[in-house]
Each structure stands twice: as structure tokens, then as C-alpha cells.
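The values are calculated or read from the model by the stated rules, or taken from the named source; none is laboratory data. Note that the structure is a prediction, hence the values are computed from the model and not measured. In this analysis, Cβ positions are derived from the backbone assuming ideal geometry, glycine residues included, and neighbour counts consider all displayed protein chains. Only protein heavy atoms, including side chains, enter the accessible area calculation; ligands, DNA and RNA are left aside. Shrake-Rupley method; radii C 1.70, N 1.55, O 1.52, S 1.80 Å.
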Amino acid sequence: MSSSPSAANLLALLRRNAASPAVALRLFLHLSSAASPPPPRSTSFLARLLAAQPAAGALLPRLLRHVLSFPDPSPHLLALLYCSDVLPLRLALPAFRSLRALASAPPPPTPVYNRLILAALRESRLDLVEALYKDLLLAGAEPDVFTRNLLLQALCDAGRMELAQRVFDAMPARNDFSFGILARGYCRAGRSFDALKVLDRMPSINLVVCNTVVAGFCREGQVEEAERLVERMRAQGLAPNVVTFNARISALCKAGRVLDAYRIFKDMQEEWQQGLPRPDQVTFDVMLSGFCDAGYVDEARVLVDIMRCGGFLRRVQSYNRWLAGLVRNGRIGEAQELLREMTHEGIQPNSYTYNIIVSGLCKEGKAFDVRRVEDFIRSGVMTPDVVTYTSLLHAYCSKGNTAAANRVLDEMAQKGCAPNSFTYNVLLQSLWRAGRITEAESLLERIGVKGYNLDTASCNIIIDGLCRNSRLDVAMGIVDGMWQEGSAALGRLGNSFLSVASDSSSKQRCLPDRITYSILISALCKEGRFDEAKKKLLEMIVKDISPDSVIYDTFIHGYCKLGKTSLSIKVLRDMEKKGCNPSTRTYNLLIRGFEEKHKSDEIINLMSEMKDKGISPNAMTYNSLIKSFCERGMVNKAMPLLDEMLQNEIVPNITSFHLLIKAFCKIADFPSAQMVFDAALRTCGQKEMLFCLMCTEVSTYGRWIEAKNILESALEMRISIQSFPYKQIIAGLCEAGEVDHAHSLLKLLIAKGYTFDPAAFMPVVDALTNKGKKQDADMLSEKMMEMANFNDGLATDSRKITPGSRSHEHAKNGQSDWRALLHRDDSARTIMKIMKRVRTGWGQRGNVYEHKQQQNDDFYVLENTG
């Protein structure tokens, strides 16, 4: 077909006007027509030019309409489809449908299908991937390896692993990407043993696929299997790289084996010249997160110093990890110092930096903390984003303060910060879990007005809420309806649900998934409706949704709670037959069931079975056996399990030590309890919790001097004493005649700056008065009144308190119980006498008196103005 001169020069004109896409489009529309169509190259060039513009959504449809006016639009539609890598899918699909509707046009070639399938995959339109692949086959085109790899990835992303395996087996040709996609899919589905089988079928071992499987084993807690694969890599001449080591370190940290992870990290630091990879930025960041998550704050601080010296603490992401660790471990003051350090070092905090603090404070559930966060947000220091507001909304909804949540939503609208689907999902989940169904429906109406539609995650939240609020049968009916109607099935709950579920496209996207069935099966098992739960399991298999170990674990947990451990064992055997490998969690649930029955022998047999299958027990596994022995009074058998754990490179956690400490204290073997406590301090990171539980256990059995010594050690370490039984210790010391010890403990509390319940003063005041030590009793009474007045002030003006401070500890408890002691006859008489002397003063001169007495030990200063 001949073209006019203007059309022949059209491509050159478009290139000259590339800086003004709208002008280029007008030129194209003016110089091309049905009588004089342009070259397809011009169409392709203009499409790419327009796709790069923010206004592409308005300009590209005009181009498509113009192209369809040509006598033979097929070459131009093909030119547009070859741009599918840059065109939005919603604009490429109409061009594809128009081309397929042309009776005279041949079907698109395979590369065009590949581009469309890839675009659908990028937008997670897995249903469209399958539809395009079927259309390719119907059109008579031949899929190549790339096409089949895309289909394989879509099936893996949807969790349809059985079908993915069949597609893989039917592929006439495969490449390394084919093996890698399937192996990655199995790993993401928690089936790393199946991924290993895929690796075994590869013609030659591949480092990327090996790293994928190693990471998969590590995520599932199969650390021994991961180590075996690493050794196999070395034996076959494939040296593990830093990615391999990072996966191992990350897995060990997540499994609680932080010290083992640190040993690998240290080897990388010291032996990199002997062939080990050197730690990179990811290695340091993963190790830092591992220390912080396990509560090893002091060790993390040392690592931060190493990172600072080595140049690995120059990214805001690394600072954010350290900041999150401090906040998670209650070190709010240090977190604020770190923010100042970032500014000093020229590291600009981002919104995520501030959101760490906001989220951390909100999760503490302290109302005044949330108000302080709001004040912080409005101070101008940070620019709140949707994540910031979502954290605030979650905090308010969790406390049932829907009025404040609505106020935050209004503020978001005023600030131009539009809530996203995640924001609404957080709100829905908070309201449904709190049983606030009316507020949830009001929120749904608000979502509908904003033009949002429910996705599968939203539907799952509502289904979970129905199950939690005793409407399980309604939830089951909705899930059945979702297969035909999508999210519109929620409309049967009322108009508020229909307003956000009526979008026609939601029918395609909002289908039940594995999480949907997990929710239903869990709810059915909790109600003891196991036969119906089994039917749902079969239904999801028929729907080509593979059940994972979590779903089988739900059955095991349900049977164990009913004491039906034999049925739990049958579920274990069945899941193995179905090719779903049990995890450490699976065995832990079984072992917990036998623990409730005090069947130590069965627990030992299950642990032996785990080792035979290469499934590593963890601290929780051993804790069940330790608890079983301790509850049967067999602490002599429980104690060696600590050594066994360490030999198996399993780090005991606080529960491990607590069980033993409690058991030794129960049989009055306090030296052994102290020995376990000392070992725990060397092994665990949560020192505050350790000191608290040891102090509590010793106090329970009236060992007041030992309890006092432990508490004093905690005070010297500046540990928060909010959960410590300090009042019981002081009262116990006084009852045992150890008034001087009680008095010295009080003075240490005051000297260290702790603000605590004034009721703790009363036993000491009474005892000192009875011993005739009037002046000491008077001084303590006055200090008690000062502290009581101070605490009353804190309760009425919480804004004066810094979150995490010692004053904050006591203020959040509200009114103390010290005033109740005044109603005791003996205490009332003592207080009245003392207060009379305090008001009169001693050694008073004139009407105005100011007295300052410095104790010899420099513990506190009392001031009184009469």
C-alpha cells in the first residue's frame, strides 16, 4: 500500500516532537487516515512515546480508536501489542481483543502472547495468564519455553503446585529457569523437599536453584537439610557464595539459634581468605536483626559499633533495623538518641524510620503514648504517610475507640493522604476481631463511597470475623457463593457489603484461596466439627488448591486439644502419604498433646522419629519434654536436656530455664535454681524477664533475702521493675524481722530514681515505728506522701511522662493501692501520728521552716515547708 509524502515523513515528525507527546499524537491523527494509513512503525513509536507519559490513560485510547478506523488495522494492532512490555494491561487487552475479532487477521505470533502473558503476570492477573495461554493453543500458535515458563510461574504464584508439576513434566524442552521457577514455587509453598527433587532432576547443579532450596529449608526450620545441601554443593565443586551464607544465617536467627548464626558470621569475618565469602551489607543487616529479635541488645550494640567502623552503617535501612530493635525491646530513649545520631551523621530519616517508632508505641497499647505520637506527627518533624496513619488507626481500633479512628480518617482526607486497601483491611480486621460488627458495616459503607472494592484479603477478614463471632455457617455459605459470584457473595450479609462487592471485575479476582479454607477448617475444628472440616479439605483439593502443612497442623491441634492423640497420629501419616511433609511445628503440636497427658515416653519416641526424618527439634520441642518431666517431679531427668539442647546446637529459651528454676524452687533446691539462673543470664538476651521470673519464684517460697539480692542486682542494671514483686519482698522482709534490709532496699529504689507504688513504704514505716526509730519513720512517711502526690499528678497529666521512663512505669498503672492501707486501724494511727509530727516539724524556727537532711549514705534529700 502506497503512502502519501506526509505519511512517509510521519515517523521523522514524531521523533522531532518526542518532547511533546500530545502534539505528536495530534500530528499522527492529522496526517494519517483511512485513505492514507501510516507505517506500523509510526504506530509503535507513538505508542511507546505516549505510554511513558502520566496522561497515557487518556491519550492511548484515542490512538487505538484511530487505528481501528483503518481499512486493515491488524498490522497496527500488532504494532501496539508488541509494546505490551510498556503499555498498561488495561490498554493492551482491548487491542488484543480487537485483533482477535478480525476474521481476516491471522492469529498473533507467540512473542505477542508472551508479552501479554508477562504483563498479566506483573499485575498478578493469574486468571488472565491461563486464558491467554488457552487462546494461544486454540489459535494454533506454538508455545515456546518462555511461554511455558510464564504459565509455570503463574501456577506457582497461585499455589497450584500439582498442576504446575504436570505442566513441567509435559514440557518438551526445559531450561534452568524452568527448574528454578518450579523449585521456588515449592519452597514458597513450604514444600522444600519437593523442591529438592526438582533440583535432583537438573542435568547440572545450578547455584541459583541451590540457594533457593537452601533458603526454603532454612525458612521451614530444616536447618540440617540445608547444611546437607551446602555440603553436597561443595562436593560437586560448587562453592557456596554470600547469598548461600546469608540464607543460612537468616534461617538460624529465625529459628532462635542466634549464637549459631553468629558463629557462621564470625567465620566469614575471620576466614574469608581461606575461601569463605566475606560478609556483605545484607549479612550485617541480617545478623543485626537476629540479635535484636532475640533480645540480645548488648550484643547488637557491639555489632553496630563494628558496622560503624567498617562502613556498613551508612544506609538508612541499616539504621532502621537497629531502631526497630531498640523500640521492640523497649529502649525508646536510646531510639530517640539514635534519631539524633542519624541527623548528625547526615543520614536522612525516611518515613519508615518514623513509622517504626509510631508503630512500636502504638503496639504497646498505651493511650497516652498514642496521643504523644499524634502530637509528634503534628509537630512537623515528620510527614505522616498512609503507614503512619494506619498504625494509629490500628491502635485506636484495638482499644475500641472508633470515634478517634474516624477522626484520623477525616484528618487523612484533609491532608490528602488517601487510605489504601491495606488501611481499610487493618480497620476491618480490628473491628471484626473486637466483635464490633456495626462499626465494621459502617466502615464498609464508607469504603463503598470512596470507590474501593473488596479483594480476597478483605473477604478473608470478613469470613474470619464471622467465624470468630459464632456465625460459622454463614461464613461457609459465603465461601460457597464466592466460587460463582466472587466478592458479590458478601451481599447476602446486607447492603453495606453489597456496596463494596458489586464490581464486575471482583468476580474474577476475589476467589477463595488457601487462607480462606484455612480459616474455615480452623473454625470447624475448634467447634469439634471434624467431619465437615474433612469435607472442606477434600473440596479445596478438588478446586486445585493444595493444602499445606498449616492446614494439616490445624487438624492435629484440634484432635490434641480433645485428647485424641491417636487421631492426630493418623493425620500425620495421612499428610505424609499425600506428599505434604510435616514440619517442626507439626511434631511440636503432637508432642504438646502428649505433654498434656504426661506421656514422656511417647514424646521421646516422636523426637526420635523427627531426627530419623531429618526434622530438627527446636527449643519448644525440648520444653514440652522438660515440662513433662518437671510436672512429674523428675527434675533430675529434665536438667540433662539443657546439655542435650546445646550439643544439638539448639539455644534454650527463657521458658526452658523458667521450667527448671520453678521445679528446683518447688523442691527447695535453691542452689540448683541459682545455677540455672546464672546459666540463663549467659545464654539468653532478655535479662529483664529473667531477673523478674527468678525474683518471683524465690519470693513465692519466702526466700526474702535472696529475692532482695536479685532485685538489687536488677536495680543496678537499671532494669524496669514494673513486673517485679517488690512490694511483697519489702513486706516479707519486715514480717521476717529483716527491717534494715527492707529499709535499705527502699532507699536504693529512691536513689536510682524509680517511682513506685507508695504502698511499699507502709510495712517499713510500721516496723520502724514499732522499733522506736521515729525519725526514720517520719522521713519515709514524708517521702511516701511526696511520691503519692507526684503519682497523682502523673495520673492527671500523662503528657509530662516520657514513654519508657520509670515514672511512666507507675503512672500507667493508674491509682496506686497505698491509700487502701490507710483504712487499716494500725496503719492509720501510725500515719496520723507521723503526719502530725511532719506538719509541726522538728527543730522548727519561726512559722516558715525548710529542712534538708542529707543521709550519710547520700540516698535522698527531704524538703518540707511548714
Q. If you roll a 1.4 Å probe over segment 53-136 with all protein chains in place, what percent of the accessible area is carbon or sulfur?
A. 58 percent
Q | Cα-projected label distance for residue 646 with residue 266, points at 7 Å along beta-carbon direction, nm | A | 1.4 nm
Q: Give the share of C-alpha pairs in each 10 angstrom bin for segment 156-254, from 0 to the last occupied bin, in whole percents, shortest bins first.
A: 17, 50, 28, 5, 0
Q: State to the nearest 20 debye the size of the charge dipole of segment 693-750 about its Cα centre, where the only charges are +1 on K and R beta carbons and -1 on D and E beta carbons.
A: 180 debye
Q.
Full-extension gain between residue 421 and residue 241, please, as 0.36 nm times their residue separation minus the C-alpha to C-alpha distance.
A. 60.9 nm
Q. Heavy-atom accessible area per residue, segment 686-769, 1.4 Å probe: how many Å²?
A. 35 Å²
Q.
If DNA, RNA and ligands are ignored and the probe is 1.4 Å, what is the ranking of 212, 388 by accessible area, most exposed first?
A. 212, 388
Q.
At 1.4 Å probe size, what's the solvent-accessible area of residue 776? Round to the nearest 10 Å².
A. 50 Å²
Q. What FRET efficiency do you get for residue 564 and residue 515 if R0 is 35 Å and r is their Cβ-Cβ distance, rounded to the nearest 0.05?
A. 0.85
Q.
Rounded to the nearest 10 Å², what accessible area does residue 493 have for a 1.4 Å probe in the complete protein model?
A. 30 Å²
Q: Two decimals is fine: what's Rg over Rh for segment 672-744, C-alpha atoms, Kirkwood radius as Rh?
A: 0.97
Q: Give me the accessible area per residue for segment 3-139, probe 1.4 Å, as a whole number in Å².
A: 46 Å²
Q: May I ask you to order 675-682, 315-322 by the average number of other C-beta atoms within 10 Å around their residues, highest value first?
A: 315-322, 675-682
Q: Compute the length gained on full extension between residue 675 and residue 414: take 0.36 nm times their separation in residues and subtract their Cα-Cα distance, giving the result in nm to one decimal.
A: 87.9 nm
Q: Sticking with the crude label model, points 7 Å out along Cα→Cβ, report the distance from residue 281 to residue 110 in nm, one decimal please.
A: 4.0 nm
Q.
Sort 18-28, 115-125 by the packing proxy (mean of other Cβ within 10 Å over each peptide's residues), most packed first.
A. 115-125, 18-28
Q | Protection proxy ranking of 600-609, 82-91, 624-633 - average other beta-carbon atoms within 10 Å, highest first | A | 624-633, 82-91, 600-609
**Q.** Accessible surface of segment 614-676 [probe 1.4 Å, protein heavy atoms]: carbon and sulfur percent
**A.** 56 percent
Q. What do you get for Rg/Rh over segment 519-614 if you use C-alpha atoms and the Kirkwood form of Rh?
A. 0.97
**Q.** Calculated over segment 1-155: convex hull of Cα atoms, volume per residue (Å³)
**A.** 108 Å³
Q. In the full protein assembly as shown, how much of residue 596 is accessible to a 1.4 Å probe, in Å² to the nearest 10?
A. 110 Å²
**Q.** Whole-angstrom gap from segment 577-641 to segment 283-354, using each part's C-alpha centre
**A.** 37 Å
**Q.** Vicinal HN-Hα couplings computed from phi for segment 239-252 (Karplus, 6.51 cos²θ - 1.76 cosθ + 1.60; Hz; Gly/Pro x)
**A.** 6, x, 9, 5, 5, 4, 5, 5, 5, 5, 4, 4, 5, 4
Q.
Based on alpha-carbon centroids, what's the gap between segment 109-148 and segment 242-257 in Å, whole number please?
A. 37 Å
(Q) Can you compute the FRET efficiency between residue 200 and residue 227 using 1/(1 + (r/R0)^6), with r the Cβ-Cβ distance and R0 = 22 Å? Round to the nearest 0.05. (A) 0.80
Q: Starting from the Cα of residue 97, step 7 Å along the direction of its Cβ; do the same at residue 131; then give the gap between the two resulting points in nm.
A: 0.8 nm
**Q.** Sparsely packed GluC sites (Glu not before Pro) within segment 217-278, loop by DSSP, other Cβ within 10 Å at most 14
**A.** 271
Q. Nearest 0.05, what FRET efficiency do residue 470 and residue 578 give at R0 = 51 Å with Cβ-Cβ as r?
A. 0.95
Q: For segment 599-751, calculate the relative contact order in percent as a whole number, restricting contacts to Cα pairs under 8 Å that are 6 or more residues apart.
A: 14 percent
Q: Could you order 591, 347 by accessible surface area, starting with the largest, using a probe radius of 1.4 Å?
A: 347, 591
